[in-house]
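Just below is one structure, and these are the notes that go with it.
Laboratory data are not the source of any read-out in this text; all were calculated from the coordinates shown. Just so it is clear, the model here is predicted, and its values are computed rather than measured. Quick reminder, even Gly has a Cβ in these numbers, built from the backbone with ideal geometry, and neighbours come from all protein chains shown.
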Protein chains: 2
Amino acid sequence: MASTHTVKSFEHELQRLASLITQMGGLAEAQLEASVEAVVRRDVDGAARVMQADASLDGYEQAVEQETVRMLALRQPMGIDLREIIAALKISTDLERCGDHAANIAKRAIALSQLPPVRPVGAIPRMARIVREMLKDVLDAYVERDTQRAIGAWNRDRDLDDLYNSLFREILTYMMEDPRNITPCTHLLFIAKNLERCGDHATNIAETVHFLVEGAPLGKNRVKGDNSSFEVLEPPAATEPDPTA
Amino acid sequence: MASTHTVKSFEHELQRLASLITQMGGLAEAQLEASVEAVVRRDVDGAARVMQADASLDGYEQAVEQETVRMLALRQPMGIDLREIIAALKISTDLERCGDHAANIAKRAIALSQLPPVRPVGAIPRMARIVREMLKDVLDAYVERDTQRAIGAWNRDRDLDDLYNSLFREILTYMMEDPRNITPCTHLLFIAKNLERCGDHATNIAETVHFLVEGAPLGKNRVKGDNSSFEVLEPPAATEPDPTA
């Protein structure tokens with residue numbers, strides 16, 4: 001019996017670790033989708049489910065950490081095996097953070113459901129779709145050890161940043177039109193930022209997949225395309241809110 | 001010669017790793033302080049220096065990652081030695097993220113310097129002081145392997161969250177008073193959020209120090225005290241901006 005246990009291959013443990021990451025990735029994608037759905041449908045129950053399910057992602061992250069520390073101690077791996085373990089540890093951190101962003105979006109969905117609807121909500125699902133595609137691609141790239149696919153997802157972060165920057169301006173303009181838009185639009189600003197950050201985590205995962213497969217980092221750090229931090233939009237003269245509206 | 005190299009103690013490598021973390025922590029603290037200083041003084045040059053210096057923190061993170069991967073492969077450590085290496089890897093990620101937040105605050109300082117001053121800026125240094133104290137405490141706790149000090153810093157995150165929540169409401173109110181406040185106040189909202197996130201990274205480091213010293217996680221995940229995501233503040237009837245003001 002003991003020998004059966006002893007010969008249980010390291011390969012099998014690595015597969016189990018990769019499978020934890022794949023499951024965790026699927027859950028993170030689902031959480032993100034459900035959180036944005038809750039925003040669009042003003043669905044308080046759906047939002048509450050997302051917030052509850054976030055604990056599972058935290059559980060996955062802890063399981064991956066325990067497993068990696070155990071494997072490092074017992075197996076003392078080198079080369080590609082060591083990179084596999086480090087990659088799993090890093091990817092689980094990024095996925096857990098995506099889960100936190102989804103939970104935060106869900107919280108804001110609850111607040112938004114109690115406030116008057118605002119138009120810029122429409123752009124949120126567009127952003128979310130790009131993020132989900134990026135996440136799906138980097139996770140597929142992880143499973144298939146496909147560097148090109150990882151780089152493709154990594155490059156798509158630019159589109160996401162462009163969308164974020166234009167949405168940011170749109171939301172600000174909308175806030176200036178009527179002070180009643182300010183609270184709901186503030187939530188939208190942070191939801192857009194949550195999605196933009198998930199895109200950054202997807203690019204981190206792309207970089208980790210590159211490191212895993214190639215054993216070298218993916219070139220220089222990409223310049224971040226979030227320009228909203230430089231925004232100095234001023235209200236046009238015509239946007240004083242109409243108190244009779 | 002070769003034997004001198006071979007006997008260079010693992011202990012010495014661990015010390016060098018810890019020293020990388022301490023230097024990186026000092027830099028992250030300094031970046032945070034300088035970024036908030038740039039906001040308060042409307043100092044574009046200071047903000048630009050913070051943005052430039054962020055590359056050093058990225059460099060430290062890469063150095064720590066390379067060093068840890070190398071040590072894991074060559075030294076195949078166990079027990080406390082293994083925890084030392086994993087802890088360094090985790091702390092460097094948190095410090096690098098704090099640096100990103102400081103760089104983002106600096107970007108916003110540049111935008112703010114081109115916009116009319118707004119009152120709630122005054123609360124930003126109060127938040128920043130708590131964050132810096134937390135960071136200093138968790139880094140001292142790391143150096144001194146002092147779990148109690150780590151737990152003390154971890155608990156202080158509640159004060160930071162309280163301050164963030166009240167500041168969030170204040171900024172929203174101020175936006176509702178006058179649409180010209182909206183753009184500068186949006187930057188303040190994100191600066192406050194950046195600081196609140198740095199507090200979360202400090203609590204992560206506190207948890208890592210606990211794991212390092214005690215070999216076990218620090219209890220259940222603390223419930224996050226950022227309630228601003230639930231905010232449904234509405235403008236009072238009297239806050240329509242005065243177009244003649």
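What to note about this one:
- Calculated from backbone phi, Karplus (6.51, -1.76, 1.60) coupling profile of the range A:118-124 in Hz, x at Gly/Pro: 10, 4, x, 3, x, 7, 4
- If a spin label sat at a point 7 angstrom from the Cα of residue B:234 along the line to its beta carbon, the backbone N atoms of the range A:100-114 nearer than 12 Å would be those of A:114.
- Equivalent ellipsoid dimensions for the range B:1-117 as semi-axes, Å, which come from the Cα gyration tensor, largest first: 38, 12, 10
- Percent RCO, i.e. relative contact order, over chain B, from Cα pairs under 8 Å lying at least 6 residues apart: 24
- In the range B:57-99, taking the dipole from charged Cβ atoms about the Cα centre, the farthest positive-side position among B:98, B:76, B:63 is held by B:76.
- At 0.692 mPa s and 37 °C, Stokes D of the range A:101-222 from Kirkwood alpha-carbon radius, µm² per second: 214
- Measuring from the axis that maps chain B onto chain A, the chain B residue with the nearest beta carbon and its rounded distance in angstrom come out as B:76, 2.
- Only DSSP H runs of four or more residues enter the estimate; each adds -39500 (n - 2.57), and after division by the residues of the protein assembly as shown the mean residue ellipticity at 222 nm equals -28000 deg cm²/dmol.
- The Cβ shell under 14 Å around residue A:121 holds other residues with a net charge of +2, Lys and Arg each +1, Asp and Glu each -1.
- Chain B: translational diffusion in µm²/s, Stokes-Einstein, Kirkwood Rh over Cα pairs, 37 °C, 0.692 mPa s: 169
- Plainly put, the tip 7 Å out from Cα toward Cβ on residue A:166 is 4.2 nm from that tip on each other copy, the closest given first.
- Only the Cβ atoms of Lys and Arg (+1) and of Asp and Glu (-1) were treated as charged; on that basis the dipole of the protein assembly as shown about its Cα centre amounts to roughly 460 debye.
- Each residue of the range B:98-104 was assigned a 3J(HN,Hα) from its phi angle through the Karplus expression (A = 6.51, B = -1.76, C = 1.60, θ = phi - 60°), giving 4, x, 4, 5, 4, 5, 5 Hz with x at Gly and Pro.
- Summarising the overall dimensions of the range B:128-175 from its C-alpha atoms, the Rg and Dmax are 13.8, 45 angstrom.
- Per the Debye calculation on the range A:55-153 with a single equal scatterer at every Cα and no solvent contribution, log₁₀ I(q)/I(0) for q = 0.18 Å⁻¹ amounts to -0.98.
- A Cβ-based charge dipole, computed about the Cα centre of chain A with Lys and Arg at +1 and Asp and Glu at -1, lands at about 260 debye.
- Ordered by the count of other Cβ atoms within 10 Å of each Cβ, fewest first, A:10, B:168 give A:10, B:168.
- 3J(HN,Hα) from dihedral phi, the range B:21-36, Karplus parametrisation 6.51/-1.76/1.60, rounded to Hz, x for glycine, proline: 5, 5, 4, 4, x, x, 5, 4, 4, 5, 5, 5, 4, 5, 5, 6
- Here is how far apart the residue A:40 label points are across copies: 4.6 nm, shortest first, using a point 7 Å from Cα toward Cβ.
- Note on the protein assembly as shown: the C-alpha convex hull projects to 24.5 nm² when averaged across all orientations.
- Ordered by the count of other Cβ atoms within 10 Å of each Cβ, fewest first, A:107, A:136 give A:136, A:107.
- Residue B:159-residue A:42 FRET efficiency (beta carbon distance; Förster radius 30 Å; 0.05 resolution): 0.35
- Residue of B:26, B:99, B:122 that the Gaussian network model of chain B assigns the largest fluctuation, springs spanning Cα pairs under 10 Å: B:122
- Counted charge near residue A:211, where neighbours are those whose Cβ lies closer than 10 Å (Asp, Glu -1; Lys, Arg +1): -1
- Going from the residue with the fewest nearby Cβ atoms within 10 Å to the one with the most, A:78, A:175, A:71 rank A:78, A:71, A:175.
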